[in-house]
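J.: Dropping a structure here in structure tokens format, bear with me for questions.
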Amino acid sequence: MRSVAFNLSSPKSTELVLLGVVWCFIFPYNSKQDQSQQCKLIPGSMTLPVLEKKGDIILGGLFSLHDMVVEPSLSFTSSPPPEQCTRFNFRTFRWMQTMIFAIEEINRDGKLLPNITLGYRIYDSCSTPHQALKAAMELVGSERSSEVEGETQSKGTCRGTIPVSYFSSCACLSDKKSFLLFKNYVDALVQLVMHFGWTWVGVIAGDDAYGLGGANIFADEVRKLGACVALHEVIPKNRAQTTISSIVSKIRSSGARVILVFAVEQDAAALFDEVLREGLTGIQWLASEAWSTAAILSTPKKHHHILQGSMGFAIRRAHIPGLQEFLLHLHPSSPDALGDPFLIPFWEEVFQCRLGVQAEGQEHNIEGKPPCSGAEDLGSVTNIYSDVSQLRISYNVYKAVYAIVHALKAMRSCVKGNGSICPPSTRKAIRPNFPICCHDCVVCTAGEISNQTDAIECVRCLSEFWSNAERTACIPKQVEFLSYSSTMGITLMAISLIGSFCTCVVAFIFSCHRATPIVKANNSELSFLLLFSLTLCFLCSLTFIGRPTEWSCMLRHTAFGITFVLCISCVLGKTIVVLMAFRSTLPGINVIKWFGPAQQKAIITFCTLVQVIICAVWLVVAPPTPHQLMPRKSIILLCSEGSPVAFALVLSYIGLLACLCLVLAFLARKLPDNFNEARLIAFSMLIFCAVWIAFVPAYIKVFAILASSYGLLGCIFAPKCYIILLRPEKNTWKHLMSKSATDKF
């Protein structure tokens, strides 16, 4: 038999701390296991009256069915006086019957827990911590002892408790690390004091965790509001009349007209008995929720006139269909009454009589009571037991039973990995200020996975991997580079090939018209060499497309560096030729002989050789190599420069030659010549410098290569091709040497 014991008790005394759910599981028994670690009940050590009904799952309950009276001890050296349970509480008895009603209703319906019967074990805590502790231990130990006696192959091992309460507002239970969802009503009472502007109040507490804790919090909070606590007294658990009389006297002498009684119903009743006896009136009583709807207020008895106008907060009431009929159906002769140790005291207290048949082991004070026939009708008596117009705590008991049953149903239908605690792709996250069993299922962040149920933490993928959309597996990151099949790669390749083709077309045009003045006047050899270098510049941009490798990385950086130096060296040679040609026509200056074809080739060779040396050293010392950038979801392949210094020298050398060309072309821009290339070279160098300044810092070298190559091709050769093809009349020596034509051009 599987057993689950649920301790449900009034939270209005110290036994509140014992509220909870005790789980006893069946585990395979190990004969070598340390017997000291097993839960044991010593036979005969605890024998308390119990109302029980067998079932597949047992729900246990603790209810304060009696008040406790402790006879005062006359000696400090004597043993503690015995506790006596007296004054049967009809209200709490209704709570107990509501628990039984809910269990029988669930068993009768059979839908929540099919093929499972609920049973119960109910004890009387007698409003004392000691009695509640004994009852709780017997509630736990009874299951253990029954299993020890009946099981030979397995034994039950008691496990921890989960707090479940139907009526709990004790401040001691507000610690969510140990207890769940316990409501504190003190704040509402403080707000009530603030609302009416009361500044001189008194506080009286019951001598238990509920009363002391609540009263202390209330006193601290009202002081923060500027109110004064005129007195702060405690009702002893033995409810000695002398002590309570002293409390009443202090109330009278304090002058406080607003008194909060933060105590259980029994303690409050003892206080008001003494208040009535001493004739204390004119007090505005504030009631804690423990007695705000109790019999001393709802029943017109002796306390009624002194409690008129009392204020307090109550738990929300509700209607439970069928409960009143169930309560009135209770009878000593019914089959359910057999073995009920609480029914006879209840019956005799209701009808103020004694039954002829006493329950075994029960002793009752029957002096002065007429005998009971057993045929009495509960419907003929009006009391708080049968009054269902104010079902507050009873409804909480009803809901508590159903909450437990729904939890059991969820446990039975729970499938591993589906529903409760956490599926793959999530991890457990403990809620702050909650018990460790309370957690949220947090989805793993991007780049982390969880491929098992109830994972404590997510696992981060390796740098080359990334989490899939479900966060359950690490998959290789997508490798990204400028490929020939990508849109950008196809576009750049087309632009590069078109540029190379255009350069070849220009070279073909110049070759076909190499005897014309415009080609000869602009140094045809340098023009063809410049066109060749421009073709290489267009083609070297193709090395920046495709998957980076060691060879492609070395080729792309050195190729563009050398080809551009060759290109700019040709432009520099043309600029020097133009400048020196016109300077040599001045009287007394003959420097053209120093800048003939051989010297021009030497300049180009020397300038290019410097760049070749820089690139050679670069490749030997720290060559460019493939490199991986790893952002969140991809791996970007590119080429690192290897040596930043060498890369800077290559770019700086290209920039130096370009600036030198720009300066010389600027100086020769106004020289007389219809086909003066200085202006075109100056303009092309401006474009070149602007493009490289814009793109190189952003590491978009391929765009800089193509843009500057097109700039040189367009600025230097497009005007010549226009004259050669469309304006051949200007391609004559006469037009070339014409002064007026020079001005117009």
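The values are calculated or read from the model by the stated rules, or taken from the named source; none is laboratory data. Keep in mind that this is a model prediction, so the values were computed, not measured. FYI the Cβ positions are ideal-geometry reconstructions off the backbone, even for glycines, and counts take in every protein chain you see. For the accessible areas, the whole protein counts, side chains as well, though only heavy atoms, and no ligand, DNA or RNA atoms are used. Shrake-Rupley method; radii C 1.70, N 1.55, O 1.52, S 1.80 Å.
J.: Working out 0.36 nm times the residue gap between Lys54 and Ser253, then minus their Cα-Cα distance, what length gain in nm do you get to one decimal?
T.: Between Lys54 and Ser253, full extension yields an extra 66.0 nm.
J.: Something else about it: Compute the projected area of the convex hull of the Cα atoms of segment 213-258, averaged over all viewing directions, and report it in nm² to one decimal place.
T.: 3.6
J.: Once you keep just the Cα pairs under 8 angstrom separated by 6 or more residues, what percentage relative contact order results for segment 179-262? Before the final figure, lay out the partial values.
T.: On the way: 106 pairs, mean separation 32.8, N = 84.
Answer for segment 179-262 is 39 percent.
J.: Taking the full set of protein chains and a 1.4 angstrom probe, give the accessible area of Asp440 in square angstrom, rounded to the nearest 10.
T.: 70
J.: Something else: What accessible surface, in Å², does a 1.4 Å probe find on Cys721, ignoring ligands, DNA and RNA and rounding to the nearest 10?
T.: 20
J.: Along its three principal axes, how long is segment 199-356 when you only count alpha carbons? Whole Å, largest extent first please.
T.: For segment 199-356, the Cα spread along each principal axis is 60, 34, 29 Å.
J.: I need to check one value: relative contact order of segment 415-551, counting alpha carbon pairs closer than 8 Å and at least 6 residues apart, in percent.
T.: Worked out over segment 415-551, it gives 18 percent.
J.: Another question, if that's okay. Cα-Cα over 21 Å: which of Lys237/Lys369; Lys574/Lys720; Lys111/Lys399?
T.: Lys237/Lys369
J.: Defining a contact as two alpha carbons under 8 Å apart and six or more residues distant in sequence, what relative contact order in percent does segment 446-523 show?
T.: Reported as a whole number, the value is 18 percent.
J.: What net charge do the residues around Ala469 carry, taking every other residue with its C-beta under 15 Å from that of Ala469, with Lys and Arg at +1 and Asp and Glu at -1?
T.: Charge balance near Ala469 sits at +2.
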